[in-house]
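Novice: I have a structure I would like to understand better, so I am pasting it below and will then ask my questions one at a time.
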Amino acid sequence: MARIVMKFGGTSMAGIERIRNVAARVKREVEAGHQVAVVVSAMAGETDRLVGFCREASSLYDPQEYDVVVSAGEQITSGLLAITLQAMGVPARSWLGWQLPIHTDTAFAKARIGEIDTAALDQSLAAGVVAVIPGFQGVAEGNRVTTLGRGGSDTSAVAVAAAMKAERCDIYTDVDGVYTTDPRIVPRARKLSKVTYEEMLELASVGAKVLQTRSVGLAMKEQVRVRVLSSFDDARDEDGYRGTLIVGEEEIDDMERQLITGIAHDKNEAKITLTAVPDRPGAVGSIFAPLADAGINVDMIVQNIAHSTGSTDVTFTVPSADLARCLDVLEKANGDIGYAKMVHDTRVAKISVVGVGMRSHAGVASTMFQTLGARGINILAITTSEIKVSVLIEEDYTELAVRVLHTAYGLDAEAA
Ligand code: ADP
Ligand code: ASP
Ligand code: MG
């Protein structure tokens, strides 16, 4: 007997027929003698719909009320799965975030999980009752409902797995594993049978939305065994693996290691340029301090060469979801900053290549720049880390850029 966590994403939960398929998978694990906690997402498209209502109600919505609205999608699917399991003869009950409870901080709309009480969960599992837990939600001090940021059900699943000391955390989704790039953009992407925590963390953080970034960081810290696999297809690859296992670096031998592990893209950033910012010490601080105070994460930053007039242009990117608030904060802070104009552009995309092999090989960045240049794709900003290079380009070129880079780094699968 093992304790396992099974997490099902939005596509897997979209409609009663699919929820029946999920319930059948859960039933199989229960019949194999396992104690099972299931973490579920809202039906595909539902969270977008709820977010849309909030935006329509007010572009500067109160994040505390936003969380009340958007956490509702998971409440519905958790109840529906419990009903479906019961109808199949599997004892089950739902445990909402505030009922377990899953404690979080008060960063509404992107809360972090602190502690999870497992007393109720332990009791339920010991009694042979499947615990169905809505992903994405928790409860903060003051008894307010919180959500964990988009894609947050993955993090709920890993946190529950860590708290209940589960043997494994299976993330069921609509692809059969982690690929060298989004298989919906590059049909010749290859499935990876294993990927390291570190590379997965970097891939997720630059837009490979198959796992939420925080879920990978948490799995790495708590040493949770995470597997990504399909909820629709049980096939194994030619090496006998089902899905993709996220592992420590020591579990991948050198023979399997590639220079580049994967390529990701992210269309959810917006570019902001402040023109003619006074070129003096403290100027850049006066831009980014109020953004930090507002909880807005700045990603890429480019400060141009100073104009002869003693001023400079500063360009940076923020999550598109924070754009309205960011513009508001910077307008109010212009007394301190003193820029001439603020312009923004949401039609940009960030393309990133990731691989631990970069630590020991030169030339990864120049291959990227040359490959994009040869296609006439202009680079608007660049950032790098030890195992990643990212560039910002015009959004229209996203698919083309990912495809040509996938080929340039030798990642294409053999044609079938
Ligand atoms: P879920 O609703 O199950 O959480 P998501 O839509 O959040 O599913 O994540 C799965 C999607 O992630 C896939 O459908 C795929 O389009 C996308 N994706 C992006 N990058 C990758 C990658 N490197 N490997 C696999 N899937 C990826
Ligand atoms: N339903 C939430 C979202 O769409 C959380 C999740 O599915 O992981 O972002
Ligand atoms: Mg997801």
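The values are calculated or read from the model by the stated rules, or taken from the named source; none is laboratory data. Small disclaimer: the values here were computed from a predicted structure and weren't measured. All Cβ positions, glycine included, derive from the backbone under ideal geometry; neighbour counts span all protein chains shown.
Novice: Can you tell me which of 130, 160, 178, 145 is in contact with a Pro (Cβ under 9 Å, 6 or more places away or on another chain), of a type outside the set (Asp, Glu) and either crowded, with 24+ Cβ neighbours inside 10 Å or over 23 Å from residue 234 (Cα atoms) (or both)?
Specialist: None of the other options fit; the residue is 130.
Novice: Go through (1) loosely packed, with under 15 Cβ neighbours inside 10 Å; (2) of a type in the set (D, E, K, R); (3) at pLDDT 95 or above; (4) not in a helix (DSSP H, G or I) one by one and return the number of the condition residue 396 breaks.
Specialist: Tallying (1) loosely packed, with under 15 Cβ neighbours inside 10 Å; (2) of a type in the set (D, E, K, R); (3) at pLDDT 95 or above; (4) not in a helix (DSSP H, G or I), residue 396 fails exactly one: (4).
Novice: Being part of a strand (DSSP E or B), out of contact with any helix residue (DSSP H, G or I) (no Cβ under 6 Å at 6 or more places or on another chain) and among the charged types (D, E, K, R), is that true of even one residue in segment 71-82?
Specialist: no
Novice: Moving on. Does residue 15 qualify as being out of contact with any strand residue (DSSP E or B) (no Cβ under 7 Å at 6 or more places or on another chain) and either small (Gly, Ala, Ser) or farther than 23 Å from residue 126 by Cβ (or both)?
Specialist: Yes; evaluated as a whole, the condition is true for this residue.
Novice: Return a yes/no flag: does segment 279-300 have any residue that is within 18 Å of residue 395 (Cβ to Cβ) and either buried (at least 18 other Cβ atoms within 10 Å of the Cβ) or touching a residue at least 24 places away in the same chain (Cβ under 8 Å) (or both).
Specialist: Within segment 279-300 (the criterion being within 18 Å of residue 395 (Cβ to Cβ) and either buried (at least 18 other Cβ atoms within 10 Å of the Cβ) or touching a residue at least 24 places away in the same chain (Cβ under 8 Å) (or both)), the answer is yes, since at least one residue qualifies.
Novice: Right, here's the next one. Taking segment 52-62 only, how many residues are in a helix (DSSP H, G or I), touching a Phe, Trp or Tyr at 6+ places or on another chain (Cβ under 9 Å) and surrounded by fewer than 18 Cβ atoms within 10 Å (Cβ to Cβ)?
Specialist: Matching residues across segment 52-62 total 1.
Novice: From the list 246, 260, 252, which residue is in contact (Cβ under 8 Å) with a residue 24 or more places away in the chain, more than 16 Å from ligand 3 (Cβ to nearest atom), crowded, with 22+ Cβ neighbours inside 10 Å and not polar (S, T, N, Q)?
Specialist: One residue alone meets the criteria, 260.
Novice: Return the only residue of 232, 288 being aromatic (Phe, Trp, Tyr) and touching a helix residue (DSSP H, G or I) at 6+ places or on another chain (Cβ under 8 Å).
Specialist: Criteria check complete, one pass: 232.
Novice: I need the full set of residues from segment 228-243 which are of a type in the set (Ser, Thr, Tyr) and either within 21 Å of residue 13 (Cα to Cα) or exposed (fewer than 15 other Cβ atoms within 10 Å of the Cβ) (or both), in order please.
Specialist: Answer for segment 228-243, where residues must be of a type in the set (Ser, Thr, Tyr) and either within 21 Å of residue 13 (Cα to Cα) or exposed (fewer than 15 other Cβ atoms within 10 Å of the Cβ) (or both): 230, 231.
Novice: Is there a residue in segment 318-328 that is in contact with an Asp or Glu (Cβ under 9 Å, 6 or more places away or on another chain), among the basic types (Lys, Arg) and within 22 Å of residue 267 (Cα to Cα)?
Specialist: Within segment 318-328 (the criterion being in contact with an Asp or Glu (Cβ under 9 Å, 6 or more places away or on another chain), among the basic types (Lys, Arg) and within 22 Å of residue 267 (Cα to Cα)), the answer is no, since none of the residues qualifies.
Novice: Shifting gears a bit: With the requirement that a residue be touching an Asp or Glu at 6+ places or on another chain (Cβ under 6 Å), within 15 Å of ligand 3 (Cβ to nearest atom) and within 12 Å of residue 354 (Cβ to Cβ), what does segment 172-215 give you?
Specialist: 207, the sole residue that qualifies.
Novice: Right, another one. Would you check which residues across segment 268-285 are of a type in the set (Ser, Thr, Tyr) and either at pLDDT below 95 or touching a Phe, Trp or Tyr at 6+ places or on another chain (Cβ under 7 Å) (or both) and list them?
Specialist: Result: 275, single match.
Novice: Suppose we filter 14, 37 for residues that are buried (at least 18 other Cβ atoms within 10 Å of the Cβ), under 25 Å from the mean Cα position of the chain (by Cα) and within 15 Å of ligand 3 (Cβ to nearest atom); which single one remains?
Specialist: 14
Novice: May I ask you to verify whether residue 259 is outside any strand (DSSP E or B), touching a helix residue (DSSP H, G or I) at 6+ places or on another chain (Cβ under 7 Å) and within 29 Å of residue 396 (Cα to Cα)?
Specialist: Yes, satisfied.
Novice: Which ones in segment 1-51 are touching a residue at least 12 places away in the same chain (Cβ under 8 Å), away from ligand 1 (no atom under 16 Å from the Cβ) and in a loop (DSSP other than H, G, I, E, B)?
Specialist: 1, 2, 33, 34
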